[in-house]
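Q: Pasting a structure below so you can have a look.
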Amino acid sequence: MHKSQIFGCFLASFLGGVFLGSFITQPMYAMIGLTAAGILVFAICLYHKTFVGLKDPERARIIGFVIAVSLLCAALGVFRYGFSNAQQSVLTEFAREAGGKSIDVTVHGYVAADPDISGSEAELVVRAKDVEVPGRRVVADENMLVTADAYPRYAVGDQVAITGALKLPQNAAGSDFDYIQYLKNKSIRTVMVRPRIEAGQAALSWYQWTTAAVYRPLLKVKHSFEHALQQSLAEPVASYIDGVLLGSRQNIPANIQDAFQKTSTTHILAISGYNIAVIAESLLAVAVVFTKRRNAFWISTVVIILFTILTGASASVVRAAVMGLLLLAANGYGRLYDPRNSILCAAAVMVLINPLAPRFDVGFQLSFLAVLGMIYLYPILERRLQRVPEAGGLKETILMAVAAQLAVAPILAYTFHSFSIVSLPTNLIVLPLMPYVMLFGFAAGVAGWLFVPFGQLVGWIAWAVAKFQIAVISWFASLPFASVTVSIHWLTMTALYALLAWWAWRNRPRFPNAPRS
């Protein structure tokens, strides 16, 4: 086995352990069992007579060591999930105990994300550091959602003391929207509605303090840019371009968001690998003119990290950023780039930070499945259709879109109970125009920063292209057959993914980087 394959095996084992831990009520027992199994296999491999009768004992011993370390990595994954889940349960226990008795609790913490303001109401994600009721105070470290008045405005890092009824979220009666699951995707399990909020003090770790200190100025820049964009472009184009550039969706009209949903083009509004690739390549191209390539790599790295923080560090952004940084590092230091290990590394980094993501974050699942589809399914489709002409890159675009759609279709049907019939033609028309929307939209925002009439003048091109995209998406969404309702069981979804995995394995190249004959 190659070193990169062994490393990928360890990463996959850790991720599998986290995912396994999310289904086990007592993850500690699973961790002990996996650890014991790993140590046992390791001890068997160390014994010098274990593989004596085999044709290649040394190779068998190496495989045994890989299996042993993989089991230990899986145990580490189970432990990571169990530890995080225990932290997430402190506020839940208070909500169960005090919420039903109408007992107010006081939560000390800080604002952990940019407030979502809609009209006169604001939603604050607060990182609770401790919670107290009369006669009892417990240390915590988890998120909660607070619904409060839009004024006074709060910013990331503001330390607060919040007093009110701590409750568990509830799904609305008669609605298909799973609000509990939606909050769990954001690592939120408790809510407070209209509590009393005062300035407070919380014991922030150095990481949390540094994150808040970096976030504040970046968010000021973001809000200033968004304001310039709104002055330079008419709605709904301004909100649409804001979503494309910075991932902000709250101001996009509901009917347009529904059109994106019906045509499976919502990924356009999520910062993804495509956006990161455009930014990374542009930065590198400009930076190498003024400095050495290795210095240009570090400049690009810092900008991508800041951009990731600025856009809210969603699953797709972090995944794309990690993979983009690994690609930049490979290019900057003359190393080979392995997309398989890159995506596993990106997933491991994200899961290490938020172990709840593989089970509860649909954005995480969709983001990685789409990339896995392009890595494993696209080469198969390309080999099967190698006689089809390239048509100026159109063939590659179509096959990439098909590979990604195949990879995410089962989970879309299971989670959202719908499947878009018009997704492929809509994406083929809209996606080639994305670089122009990003380029001229960014130029309009910067020009509007300097002088509003100048921004309005520059924004004409961005407005025309974005308006055309919205019109195309809205037209396809208006077709009666645009989206069909599909409802499948989780066992069916699992079977479909097992079938896809088998097909990818069955049609894998016989040799690395070589097509099958």
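The values are calculated or read from the model by the stated rules, or taken from the named source; none is laboratory data. Keep in mind that what you see is a predicted model, and the values were worked out from it rather than measured. A quick note on method: Cβ atoms are made from the backbone with ideal geometry, for glycine too, and the neighbour counts reach across all protein chains shown. With ligands, DNA and RNA removed, areas are computed over all heavy atoms of the protein, side chains included. Shrake-Rupley method; radii C 1.70, N 1.55, O 1.52, S 1.80 Å.
Q: To the nearest 20 debye, what charge dipole does the chain have about its Cα centre, counting +1 at the Cβ of each Lys and Arg and -1 at the Cβ of each Asp and Glu?
A: Numbers: 40 positive and 28 negative charges, 359 e Å.
Roughly 1720 debye for the chain.
Q: Among the listed pairs 167/222; 129/167; 395/467, which have their C-alpha atoms separated by more than 28 angstrom in this model?
A: Pairs exceeding the cut-off: 167/222.
Q: Apply the Karplus curve 6.51 cos²θ - 1.76 cosθ + 1.60, θ = phi - 60°, to the phi angles in the range 185-191 and return the couplings in whole Hz, x for Gly and Pro.
A: Per residue, the Karplus-derived 3J(HN,Hα) values read 4, 9, 6, 10, 10, 9, 9 Hz.
Q: Among 104-113, 249-258, how do they line up from the highest to the lowest mean number of other beta-carbon atoms within 10 Å?
A: Top of the packing list down: 104-113, 249-258.
Q: Shifting gears a bit: Packing-wise, with mean Cβ within 10 Å as the measure, how do 188-195, 294-301 rank, highest first?
A: 188-195, 294-301
Q: Right, another one. What's the percent breakdown of Cα-Cα distances in the chain across 20 Å bins, shortest bin first?
A: Whole-percent P(r) values from 0 Å outward: 18, 53, 27, 3, 0.
Q: Nearest 20 debye, what's the magnitude of the dipole of the range 66-203 about its Cα centre given +1 on Lys and Arg Cβ and -1 on Asp and Glu Cβ?
A: My answer is approximately 340 debye.
Q: For residue 160, what residues show an amide H to amide H distance below 5 Å, using hydrogens built from the backbone and excluding near sequence neighbours?
A: Excluding prolines and chain starts, which carry no amide H, the hits are 109, 110, 111, 200.
Q: Then there is this: Which log10 I(q)/I(0) values does the range 30-110 give at q = 0.10, 0.12 Å⁻¹ under the Debye formula, counting every alpha carbon as one identical point scatterer?
A: Those come out to -0.47, -0.55, one per q.
Q: Projected onto the charge dipole of the chain (+1 at Lys/Arg Cβ, -1 at Asp/Glu Cβ, origin at the Cα centre), which of 239, 431, 296 gives the Cα projection farthest towards the positive end?
A: So the residue we want is 296.
Q: Return one whole number: the accessible area per residue of the chain in Å², for a 1.4 Å probe.
A: Per-residue accessible area for the chain comes out at 53 Å².
Q: Calculate, in nm to one decimal, what residue 4 and residue 251 gain on full extension: separation in residues at 0.36 nm each, minus their alpha carbon distance.
A: 84.5 nm
Q: Something else about it: Leaving out ligands, DNA and RNA, what percent of the accessible area of the chain is carbon and sulfur, probe 1.4 Å?
A: 65
Q: The range 395-485: D in µm²/s via Stokes-Einstein (Kirkwood Rh, Cα pairs, 10 °C, 1.306 mPa s)?
A: Estimated via Stokes-Einstein, D reaches 105 µm²/s.
Q: With a 10 Å radius around each residue's Cβ, average the other Cβ atoms per peptide and rank 347-353, 152-158, highest first.
A: Highest to lowest by the protection proxy: 347-353, 152-158.
Q: Over the range 134-236, what portion of Cα pair distances is larger than 16 Å, expressed as a whole percent?
A: Beyond 16 Å sits 72 percent of the P(r) for the range 134-236.
Q: Something else now. List the residues, sorted by chain then number, that are 5 or more residues from residue 417 or on another chain and whose placed amide H is less than 5 Å from its amide H.
A: The answer is none.
Q: In deg cm²/dmol and to the nearest 500, what is the mean residue ellipticity at 222 nm of the chain if only DSSP H runs of at least 4 residues count, each as -39500 (n - 2.57), divided by the residue total?
A: Working: 20 runs with 318 residues, N = 517.
Computed ellipticity for the chain at 222 nm equals -20500 deg cm²/dmol.
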